[in-house]
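Report on the following structure.
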Amino acid sequence: MRIDIITIFPEYFGPLEVSLIGKAAQRGDIVFRVHDLRNWALDVHHSVDDTPYGGGPGMVMKPEPWGEALDAVAAAGGPARLVVPSPSGRPFTQRMAAGYAREPRLVFACGRYEGIDARVVEDARSRMPVDEVSIGDYVLAGGEPAVLVMTEAIGRLLPGVLGNAQSAADDSFGGDGEGPMAALIEGPVYTRPRVWRGREVPPVLLSGDHAAIARWRHDSALRVTAANRPDLAARIAAGQPAVPGQAAVPGQPAAPGQAAAPGSATRGTPPGE
Ligand code: JD8
C-alpha cells in the first residue's frame with residue numbers, strides 16, 4: 001500500500017518511522033510519502049492561509065496550494081482515494097480501517113487553522129473518491145494527529161504487519177469490524193508474577209482449562225463493555241450490528257431501519273461503510 005500525506009508540518013510524521021508501522025515501512029509493506037504543502041504555495045509569501053469570507057475568527061487554508069499539491073501528488077502514483085480528516089467527517093471505525101487496508105493507495109490531506117476552503121474537496125471529487133472522516137467527537141487543532149491514528153489502525157491490518165502471534169481478529173472491534181468480537185471491547189489482561197503487591201491473577205487463567213478461560217474472557221469483556229460502552233452493550237443485547245448503519249454482512253445493504261451511507265459516484269462511500 002502507498003500512503004501520501006500532504007501537510008504544512010511534515011516533521012509531525014516522524015513517528016511513522018518507529019514501531020510496528022516503521023518496521024512495515026522498512027519492509028516495504030507500506031510506502032509513505034510526506035509532502036510539504038508550502039512547496040505548492042507559489043505566491044510571493046508562500047502563504048497557505050487567508051482570512052475567511054463572511055468574516056469570523058481565524059484563518060482558512062487557501063485553495064490554490066491545495067489544488068496544485070493534489071494534482072501533483074495524485075499524478076505521482078496510481079489511482080488513489082483522498083481522505084480528509086475533519087471534525088464534521090464520517091466517524092472513523094474499525095470497519096472503515098479494514099476497508100482502507102484493502103485500498104492500493106491513500107492520500108491524506110491535513111488541514112490546519114479553521115480548515116481548508118471547501119472548493120478543494122469539491123474539485124478533487126471530480127477526479128477521485130474523497131472521504132471526509134472524523135476520528136472522534138472532540139476538537140483537534142489540525143488533521144495531522146488524525147492521520148497518525150488512522151495510519152496505525154489501517155497499517156496494522158495489512159498482511160504481515162502484525163506478527164503471527166498477534167492476530168487482528170482477536171481485537172476488540174474484531175479486525176475488520178466484523179466477527180464475534182465486533183461489539184465487545186477487551187477484558188483485563190495479566191502476565192507474571194502470579195501475585196503482585198498482594199494482588200493475584202484470576203486463577204482460571206492458570207487453570208489450563210481453555211474453555212473456562214475463553215468463557216471468563218468473554219464474560220469479563222462483556223462486563224467491561226457494559227461498564228464503559230453501554231451503547232455497544234445495548235446493540236449486543238438488541239442483536240444489532242456493532243456499528244450503527246453497518247451492514248450485517250460485508251458489502252450487503254445496511255440492515256432494515258439502518259441508515260445506509262448516502263453515496264454518490266464521486267462522493268466516496270468509505271470502504272466498509
Ligand atoms: C482537521 C483544522 C482545526 C477544526 C476550528 C479548531 C479529525 N476528530 C477531530 N477533531 N478535530 C479534527 C480536525 C480539526 C481540524 C482539522 C481535523 C483542520 N482543524 C479546526 C474546526 C474548528 N479548528 C478531527 N479528524
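No lab work stands behind these numbers, since they all come straight from the coordinates. As the structure is a prediction and not an experimental result, all values here were calculated from the model. A quick note on method: Cβ atoms are made from the backbone with ideal geometry, for glycine too, and the neighbour counts reach across all protein chains shown.
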(request) Lys and Arg at +1, Asp and Glu at -1: add these up for the other residues within a Cβ distance under 10 Å of G77 and post the number. (result) +2
(request) Between beta-carbons, use under 11 Å as the cut-off and find the net charge around E11, counting Lys and Arg +1, Asp and Glu -1. (result) -2
(message) Using just the Cα positions, wrap the stretch 1-65 in a convex hull and report its mean projected area in square nanometres, one decimal place.
(response) 6.0
(request) Hey, can you grab everything whose amide H is under 5 Å from the amide H of D49? Only 5+ residues off in sequence or another chain; H modelled, so Pro and N-termini drop out. (result) K62
